[in-house]
Amino acid sequence: MVSSPLKVTLQYSFSVDNWNAETLSEVSGLLSTWPSIKPLIALSLLTKEFISVQFVRDFAINSLKHANESVLLSILTQLVSLLQYEKAQDGVLAVFLLEKAWKSIRLTFHLHAALITAADHTGAPIFYVMRDLLEWSSGSSLKSELAKTQKVLNIINFTAEQIKEDRSNYLVHFESLWTALVEFSPFRLAEFPTVEFNNIVVNECKPFSSFTAPLLLTLEGKNGEKYSSIYKNGDDLRQD
């Protein structure tokens, strides 16, 4: 990716050796008139390098506000990871993510899953706090759906690990998955948050042949339709 003039300016001006009142003043004035930047460049302005430079973080968030839902979903894992560089008195990224989730049920489900994954991998308190805030602000009914969805995802991930270790008997593992999911029917998944599912369609599910063995799941909706989705344990599935 070719660096934009803004990114080059910021990287130079905010290198530790160049931090001073004059430099900060100049770049602050620059950002006040600069047009919005692309989401991937905005991500770079929310990293540890700019943790104490509030107007840079504000500029990054204002640029991200122009991104549509599909773009935000594609970079959601990175956005969640960047929460670790939030300050208690800052919180611009946390507020941004919550406000976007309140406006999109799909973002709510994906953000909830991403926060739990980040918390499990790092143990950082910010991810637990954000998960609790998201659940609390979503209301009791949606909170219950989010919890059920996470349990379903945990079972799918367990099945994915079993199949990865024993691909020759994958149908047996899919049958076990079907049996386990009966308890949670009907359930929802982040990819299709408005659809209630009865269960998987065992004979239409299969693992891919790659090393990580992601699963192609076919699911039966309560509406009679079938839906397909890819699941790979421990990874951001939307990037598949």
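Among (1) farther than 20 Å from Ser74 by Cα; (2) without any contact (Cβ under 8 Å) to a residue 40 or more places away in the chain; (3) touching a helix residue (DSSP H, G or I) at 6+ places or on another chain (Cβ under 9 Å), where does Asn154 come up short?
(3)
If I filter region 208-222 down to residues being modelled with pLDDT of 90 or more and either closer than 22 Å to Glu165 by Cβ or hydroxyl-bearing (Ser, Thr, Tyr) (or both), which single residue comes out as most open to solvent (accessible area, probe 1.4 Å)?
In the first step, residues of region 208-222 are kept if they are modelled with pLDDT of 90 or more; the result is 215-222.
Filter once more, so that each one left must be either closer than 22 Å to Glu165 by Cβ or hydroxyl-bearing (Ser, Thr, Tyr) (or both): 215-218.
Details: Leu215: 0, Leu216: 42, Leu217: 0, Thr218: 10 Å².
This residue is Leu216.
Give the residue, chosen from Glu225, Glu204, that is loosely packed, with under 13 Cβ neighbours inside 10 Å, farther than 22 Å from Ser144 by Cβ, of a type in the set (Asp, Glu) and in contact with a strand residue (DSSP E or B) (Cβ under 9 Å, 6 or more places away or on another chain). Walk me through how you get there before you give the answer.
Values: Glu204 fails: loosely packed, with under 13 Cβ neighbours inside 10 Å.
Exactly one of Glu225, Glu204 is loosely packed, with under 13 Cβ neighbours inside 10 Å, farther than 22 Å from Ser144 by Cβ, of a type in the set (Asp, Glu) and in contact with a strand residue (DSSP E or B) (Cβ under 9 Å, 6 or more places away or on another chain), namely Glu225.
Filter region 82-109 down to residues that are farther than 25 Å from Phe192 by Cβ and among the small types (Gly, Ala, Ser) and give me whichever is farthest from the chain's Cα centre (by Cα).
The extreme case among them is Ala88.
Only one of these is under 26 Å from Ala147 (Cα atoms), open to solvent by 10 Å² or more (accessible area, probe 1.4 Å) and not hydroxyl-bearing (Ser, Thr, Tyr): Ala114, Ala119, Ala67. Name it. Quick ask: steps written out before the conclusion?
On the way: Ala119 fails: open to solvent by 10 Å² or more (accessible area, probe 1.4 Å); Ala67 fails: under 26 Å from Ala147 (Cα atoms).
Going through Ala114, Ala119, Ala67 in turn, the sole match is Ala114.
For region 181-200, what are the residues that are among the charged types (D, E, K, R) and touching a residue at least 12 places away in the same chain (Cβ under 8 Å)?
Here is the first cut: in region 181-200, the ones among the charged types (D, E, K, R) are 183, 188, 191, 196.
Across region 181-200, the qualifying residues are Arg188, Glu191, Glu196.
Among (1) more than 25 Å from Asn62 (Cβ to Cβ); (2) of a type outside the set (Asp, Glu); (3) in contact with a strand residue (DSSP E or B) (Cβ under 7 Å, 6 or more places away or on another chain); (4) surrounded by fewer than 20 Cβ atoms within 10 Å (Cβ to Cβ), there is one condition Gln162 misses while meeting the rest; what is its number?
(3)
Could you run through region 36-54 and say how many residues are within 11 Å of Ile75 (Cβ to Cβ) and not in a loop (DSSP other than H, G, I, E, B)?
4
Filter region 32-64 down to the residues that are of a type in the set (Lys, Arg) and open to solvent by less than 70 Å² (accessible area, probe 1.4 Å) and list them by number. Can you show your working first?
First, the residues of region 32-64 that are of a type in the set (Lys, Arg): 38, 48, 57.
Within region 32-64, Arg57 is the sole residue that qualifies.
Within region 202-217, which residues are out of contact with any helix residue (DSSP H, G or I) (no Cβ under 9 Å at 6 or more places or on another chain) and under 12 Å from Ser228 (Cα atoms)?
Within region 202-217, just Glu204 meets the criteria.
When Glu86 is evaluated against the numbered criteria (1) loosely packed, with under 15 Cβ neighbours inside 10 Å; (2) more than 23 Å from Trp34 (Cα to Cα); (3) at pLDDT below 90, which criterion, by number, is the only one it fails?
The single condition Glu86 does not satisfy is (1).
Read through the list (1) at pLDDT 90 or above; (2) closer than 25 Å to Ile156 by Cβ, then give the number of the only condition that Asp120 fails.
(1)
The values are calculated or read from the model by the stated rules, or taken from the named source; none is laboratory data. Model, not experiment: these values are computed from the prediction. Using ideal geometry, Cβ is built from the backbone for each residue, glycine included, and neighbour counts are taken over all protein chains shown. Protein only, heavy atoms only, side chains kept; ligands, DNA and RNA dropped before computing areas. Shrake-Rupley method; radii C 1.70, N 1.55, O 1.52, S 1.80 Å.
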